[in-house]
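The values are calculated or read from the model by the stated rules, or taken from the named source; none is laboratory data. Here the structure is a predicted model, which is why all the values come from computation and not from measurement. Backbone-built Cβ (ideal geometry, glycine too); neighbour counts: all protein chains shown. For the accessible areas, the whole protein counts, side chains as well, though only heavy atoms, and no ligand, DNA or RNA atoms are used. Shrake-Rupley method; radii C 1.70, N 1.55, O 1.52, S 1.80 Å.
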Amino acid sequence: MIQFNHVKKIYESNLTHALHDISFVIEDGEFVFLVGPSGSGKSTIIKLITAEERMTSGGILVGDYDLAKLRKRKVPYLRRTLGIVFQDFRLIENRTVRGNLEFAMRVVGSPNKVIKERIPYVLDLVGLSEKADCYPNEISGGEQQRVAIARALVNNPKTIIADEPTGNLDPERSYELMCLLEKINQLGTTMLVVTHERDLVNCFNKRVISIDKGLVTSDMENGLYDYETI
Amino acid sequence: MRRFNFGYYIKEGFHGAGSHGFMTFAAITIMASCLVIMGSFVLLAMNLEHNLNALMAENEFLAYVDDSYTDEEGAQLGAQIGAIENVASYRYITREEALADYVGEVEDDSLYADLPASVLRGRFSIQVTDISQLPDTISQVRAVEGIAKISAALDVANGFVTLRNVTVVIALIMVVVLVVVSFFIISNAIKLATSGREGEIAIMKMVGATNAFVRWPFVVEGILLGLGSAILATLVQWGVYQLLMQAVNVYSHVQLINIIHFEDLVLPLMVCFGSIGLIVGVLGSLITIRKFLRV
Ligand SMILES: Nc1ncnc2c1ncn2[C@@H]1O[C@H](COP(=O)(O)OP(=O)(O)OP(=O)(O)O)[C@@H](O)[C@H]1O
Ligand SMILES: [Mg+2]
């Protein structure tokens, strides 16, 4: 569960009011699109969830973690409950697909036995079993993003958070990727996807939270991406 | 899940040091040079201290009796000398005995063989209880009627003390300066180790690595640099010391200067170099990677 309660965020460096008053609840197992124009504060919401930034006021709950009280030392453990995917993939170039996944598991101290079992399963899930020994620059953008999703998934997080995961992909790859995210969601992982792509959102009939200028403008089940109406 | 992944840290640390070999080489060489310069002053100070102690350990001085006294009259002064508080024991040496000693000490004794004993003076050899009160005791002995002259190694000792103090101060300054220099060298090496890996570190943080986990490989690398420098420095120091020792032995025919054998110094030296290397290595890497861990 992710809960935002009247969250306000002002960036200290330039006093930008990125979020004014954001409230919503995402229950376990939901699939939610977060949409809104550029600069509306979508990435800021993601950064608050991952504790990369701290809120100025309000309250955020992420699973068992109350971010208002979260001590710095606990941040890594919060992040282990989240799988994070970015537009630019962020793979390690000098490690293979398998190496990237293994690295993510080592980092959180998984034993070898678990690593050996988990990686083939996750690679199969994202359809990349054949590419396990390729380096990131040897595979396509869509495949790289699937590796990033596999990495987000490999430590068995409760929630996957994706910030414009299809931003660098053509429409067809984007659609495939969204289908993959839907499949992962159906296996039990909560999904929060930030996107700009109207057609894609309208295709999937999921809950859509729209924000603009730091405020929630609509929050609807089976919603459409349509911020022109605002 | 929270076990300490020792093998991983060591492997990554070595990997880091190896992946930018030239900087590793430069860091170790420069830091070892710093240690050797530092070590040289410390060893010099230790040698001076050693010689000083040897000098002070001779808690004996000579008091010459006035020429006009006969040996019998001179020996009578012993009672007065023995009464001085700090005097542990004394012995009167007659002119004949003094001449015999003197001739015995000189290699080519034929030169002095027919020297008349009367050119020498009778003397007391005096031992003191407390060496630190030597100057006081000397002036008390000098005050005794009939004592003409005192011969003690006091002036030499004073010179040594000054030299030793100066060397210790220089050694301390050197230690501070060179520790700072070494610190920057290590810090730069670690900075190089982290450059190009910011992305990797950010990914580690993103998937939930603890700061300790990110830090350890770099700390291990710092430790490797520090210990590597310490080992190299010990070897070089050994070579330098042997050369200097030979030089000193060649130039001082009289064995005035007593040099400590390197074998007796090598252990404390290694401990010293090792701990400085460790501390500088660990701190240097910790402080350098701190800024990468804020995410
Ligand atoms: N680190 C930062 N420091 C200062 N201001 C920031 C920072 N990050 C974002 N902002 C500002 O906060 C506001 C919201 O930015 P945010 O990145 O959340 O927008 P976004 O909805 O993700 O936009 P986009 O769709 O272009 O990615 C913007 O005005 C931006 O300039
Ligand atoms: Mg954004």
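A few comments on the model shown:
- Being at pLDDT below 95 and either farther than 30 Å from A:E130 by Cα or within 16 Å of ligand 2 (Cβ to nearest atom) (or both) is a property that holds for A:N14.
- One residue stands out in region B:207-238 among those that are within 14 Å of chain A (Cβ to nearest Cβ) and open to solvent by less than 20 Å² (accessible area, probe 1.4 Å): the one that is nearest to the chain's Cα centre (by Cα), namely B:P217.
- Subset of region A:38-52 (residues that are in a loop (DSSP other than H, G, I, E, B), near ligand 1 (Cβ under 7 Å from one of its atoms) and not hydroxyl-bearing (S, T, Y)): A:G39, A:G41
- Exactly one residue out of A:K74, A:K42, A:K131, A:K113 is touching a residue at least 60 places away in the same chain (Cβ under 8 Å) and among the basic types (K, R), and it is A:K42.
- Applying a threshold of 8 Å to beta carbon distances and a minimum spacing of six or more residues, or different chains, the list of pairs starting in region A:48-71 at a residue that is over 22 Å from A:E30 (Cβ atoms) and within 12 Å of chain B (Cβ to nearest Cβ) and ending at one that is open to solvent by 40 Å² or more (accessible area, probe 1.4 Å) and of a type in the set (V, I, T) reads A:E52/B:V295.
- Number of positions in region B:187-205 that are in contact (Cβ under 8 Å) with a residue 24 or more places away in the chain and within 12 Å of chain A (Cβ to nearest Cβ): 4
- Counting the residues of region A:72-110 that are buried (at least 19 other Cβ atoms within 10 Å of the Cβ), more than 9 Å from every other protein chain (Cβ to nearest Cβ) and in a helix (DSSP H, G or I) gives 4.
- Verdict on B:G196 being closer than 30 Å to A:Y77 by Cβ and open to solvent by 10 Å² or more (accessible area, probe 1.4 Å): yes
- Total residues in region A:31-63, condition near ligand 2 (Cβ under 10 Å from one of its atoms), under 16 Å from the mean Cα position of the chain (by Cα) and open to solvent by 50 Å² or more (accessible area, probe 1.4 Å): 1
- Qualifying residue in region A:152-159 (condition: under 23 Å from A:V193 (Cα atoms), more than 13 Å from chain B (Cβ to nearest Cβ) and surrounded by fewer than 17 Cβ atoms within 10 Å (Cβ to Cβ)): no
- Residue within region A:17-25 that is touching a strand residue (DSSP E or B) at 6+ places or on another chain (Cβ under 7 Å), under 29 Å from A:M178 (Cα atoms), of a type in the set (V, I, T) and within 11 Å of ligand 2 (Cβ to nearest atom) present: no
- On the stretch given as region A:150-168, residues that are among the β-branched types (V, I, T) and within 16 Å of ligand 1 (Cβ to nearest atom) total 2.
- Test: A:S23 is surrounded by fewer than 16 Cβ atoms within 10 Å (Cβ to Cβ) and within 14 Å of ligand 1 (Cβ to nearest atom): no
- Failed criterion for A:D28 (all others in (1) surrounded by 15 or more Cβ atoms within 10 Å (Cβ to Cβ); (2) away from ligand 1 (no atom under 12 Å from the Cβ); (3) under 17 Å from A:A162 (Cα atoms) hold): (1)
- Helices (runs of 4 or more DSSP H) lying entirely in region A:132-229 (those with 1 or more residues that are out of contact with any helix residue (DSSP H, G or I) (no Cβ under 9 Å at 6 or more places or on another chain) and away from ligand 2 (no atom under 16 Å from the Cβ)): A:171-186, A:198-204
- Residue among A:F33, A:F103, A:F86, A:F4 that alone is away from ligand 1 (no atom under 16 Å from the Cβ) and on the phi < 0 side of the Ramachandran plot: A:F103
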